[in-house]
1. Determine the gain in length on full extension of the stretch residue A:315-residue A:233; use 0.36 nm per residue of separation and subtract their C-alpha separation, reporting nm with one decimal.
2. Would you order A:89, B:195 from fewest to most other beta-carbon atoms within 10 Å of each residue's own beta-carbon?
3. In nm, to one decimal, how far is the residue A:95 label point from the residue A:200 one, both placed 7 Å along Cα→Cβ?
4. Residue A:205 label points, 7 Å along Cα→Cβ, one per copy: pairwise distances from this copy to the rest in nm, shortest first?
5. List the pairs from A:190/B:47; A:113/A:304; B:33/B:113; A:196/B:113; A:113/A:198; A:176/A:283 whose alpha-carbon separation is above 30 Å, in the order I gave them.
6. Of A:98/A:195; A:161/A:335; A:161/A:309, which ones are farther than 25 Å apart at the Cα?
7. How far, in nm, would the chain grow between residue B:220 and residue B:304 when pulled straight, counting 0.36 nm per residue and subtracting the alpha carbon separation?
8. What FRET efficiency, computed as 1/(1 + (r/R0)^6) with R0 = 35 Å and r the Cβ-Cβ distance, is obtained for residue B:35 and residue A:344, rounded to the nearest 0.05?
2 protein chains.
Amino acid sequence: MNIGMTAENETVKDGVTLYLLQSVDQLLLTATKERIEFLPHYDTLVKSGMYEYYASEGQNPLPFALAELIDNSLSATSRNTGIRKIQIKLHFDETQGKPAVAVIDNGRGMTSKQLNNWAVYRLSKFTRQGDFESDHSGYVRPVPVPRSLNSDISYFGVGGKQAVFFVGQSARMISKPADSQDVHELLLSKEDFEKKEKNKESIYSGFIRNRKPCDSVHITNDDERFLHCLISEEKEKVSFTAVVITGVQSEHIPYLKNYFHLWTRQLAHIYHYYIHGPKGNEKRTSKEVGPFNNIDIEISMFEKGKAPKIVNLREIQDDMQTLYINTATDSFEFKAHVEGDGVVEGIIRYHPFLYDRETYPDDPCFPSIHHKDGSGHGAGASRRLGCPGNGGSQASHLPWPARSSAQGYKV
Amino acid sequence: MNIGMTAENETVKDGVTLYLLQSVDQLLLTATKERIEFLPHYDTLVKSGMYEYYASEGQNPLPFALAELIDNSLSATSRNTGIRKIQIKLHFDETQGKPAVAVIDNGRGMTSKQLNNWAVYRLSKFTRQGDFESDHSGYVRPVPVPRSLNSDISYFGVGGKQAVFFVGQSARMISKPADSQDVHELLLSKEDFEKKEKNKESIYSGFIRNRKPCDSVHITNDDERFLHCLISEEKEKVSFTAVVITGVQSEHIPYLKNYFHLWTRQLAHIYHYYIHGPKGNEKRTSKEVGPFNNIDIEISMFEKGKAPKIVNLREIQDDMQTLYINTATDSFEFKAHVEGDGVVEGIIRYHPFLYDRETYPDDPCFPSIHHKDGSGHGAGASRRLGCPGNGGSQASHLPWPARSSAQGYKV
């Protein structure tokens, strides 16, 4: 029995010391130990995105949340031999249900144990003590590849949950590894957590549904009607993972709809070297599909009564990285070895001030104010660095300050 | 029994469906539900500080972690009628044990239930559903006070844990409310979590020790010898809370020792209006202790064979806020009402370019490079804003971008 608490419905168990007090705050003759439980509140998951994406230099942080999910898909597809396909589907057709964002990849998929581990907050892929079987168990650092395009990202066991719950209030994870005949499905939702708390049920207990591919009989809610179609597409897939986010925060919807060009362009910038290969989107050279540019990242948006908008990030020609590469007059590649086996790679690009203007490309979405007379420019202003920035850098799993300041690749 | 798992030591319980499979990955005749547990990993607590303090504009984030703990003490002492005393003690005398950082206040203290809630990650002070009794249950927003010095901070139930585990690997919380005869003590440590995981014990179970004030017989470890002295000081206190951090991350120790002047000065800047009152540290006016400047924040550092360094933040005369106030030629106070009952208050200060130099004060710790010839200054550069910044702002619980950019008070 606990000191200082009323004993409603408690029975005295064997081995428990019973203290009889004259009043709850009476002086104790000897120190006592009171057993407590301090399970993290479910906001740990549901509000996990709140801090990380809070501040992003005045930009809408939503593209970074989507990037976090793309990172996971890059990691999942890293051992694919053929095309690595990553799709982001925005379901905004109200006849098909409430707004939803789905991220689907043809990667290696997860066993039910790995799916279970996905749900464990802060289970790092390096944690292998105890009885955890991480989806990266037996982690071996991949060999270095040019520009660090090794997809070895998502380290801390927080990114996916944070991203999902920044975008919406509910995550349905659907996955199938190649050697499994059935599909594993797990739903984590704010609503469900609240229900469990209210009914005093175990907060961090849940169910994984093991079902046949294409079986969507469990989807009975009209709000999720679009899932029938999405689940029917499982037929042709050997292995896959789909993250379906519903309860999309209402402020995200107009942004995703009205700034489609802006945020897809931003993703094309972030994943520039993953989709174009180590040389980037050089317009002068011919393109061949090789081991470092077999990644298709396709964004599609479905609205009622409109033709779907579909864009493959590789088609985007005005992302900043493409502009940097193709407006530079010259470039200097460097590689520095640091601290034993560390390597920092990068490019310095030369954008001269030519005749009457800067050749350093302006961001079309955030144009700078031009000083026609050139005043305000110091001596160094006409030589700017075009850095590969975040595209392809391992730093892309870090919070935004790293995203915006990375000046090279560390492998 | 769970599908897909071996059944070591499991017994079939009533109401459980037993599936007999020919192989673990055989095709299922019907969808099955597999119960899973997904308790957040204890790194949720132990590594909670990792992200928040990761990036702080190139400054060492340690002062912000200490500020988080001072915030908690401000909140705890907000109803004090007399002096509000907050002490930070740095124990770096190895004859007294391993390095430790203690933050002690004479606030209202916590009951064992409130102490239990402190340990619950993400339990916001606004969460009152279910059977949580927050240490702020029945939360009522305080009435506005000048410059928002209402100590109504620490909202999200993460700050304290994050700060503690950014500083070290173990937190001993010791607290006594005025109406309790005994002291409550709770230890959370990385070591303890690891032990529980290894022994397959319940991760988020622990003990609160209820003991008499000044009773330190349970401290048997030589590493914590300094605690005997600290606990003996409980005698004169009606109510208090002490946060004792041990396992201090080794990189913090040289910083705390060698940059004592720098980080105490930074804290004096952050809490400027709390320690000096709404007018700040104006050198022209006489000082009287009133309801808004009865807060003593005292930092002391103990090293072997040296006299202790002790500083009351109010004595510091070169913090940026003091410099801003006393170098401004003129100031303009403003107050704007927004969105119903929101109020934004602030001051614009005028620091002219006088004769041959800026009167805007330089940060002595981060001096800027002076252009003797004045080149590089645009038209606006000689009129700079001296903003109260973070001191006294409710924004002080937000991550650093808010700290460094707050330009007024929102009450």
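1. Details: separation 82, 0.36 × 82 = 29.52 nm, distance 2.46 nm.
Answer, rounded to one decimal: 27.1 nm.
2. B:195, A:89
3. 4.9 nm
4. Distances to the matching label points in the other copies: 1.5 nm.
5. Numbers: A:190/B:47 24 Å; A:113/A:304 38 Å; B:33/B:113 37 Å; A:196/B:113 22 Å; A:113/A:198 28 Å; A:176/A:283 38 Å.
Beyond 30 Å between Cα atoms: A:113/A:304; B:33/B:113; A:176/A:283.
6. On the way: A:98/A:195 21 Å; A:161/A:335 35 Å; A:161/A:309 27 Å.
From A:98/A:195; A:161/A:335; A:161/A:309, over 25 Å: A:161/A:335; A:161/A:309.
7. Value of the extension gain: 28.1 nm.
8. The calculated FRET efficiency here is 0.15.
All of the numbers you see were taken from the coordinates with simple rules; none came from a lab. These figures come from a predicted structure and were not determined experimentally. No Cβ is skipped: glycine too gets one built from the backbone with ideal geometry, and neighbour counts run over all protein chains shown.
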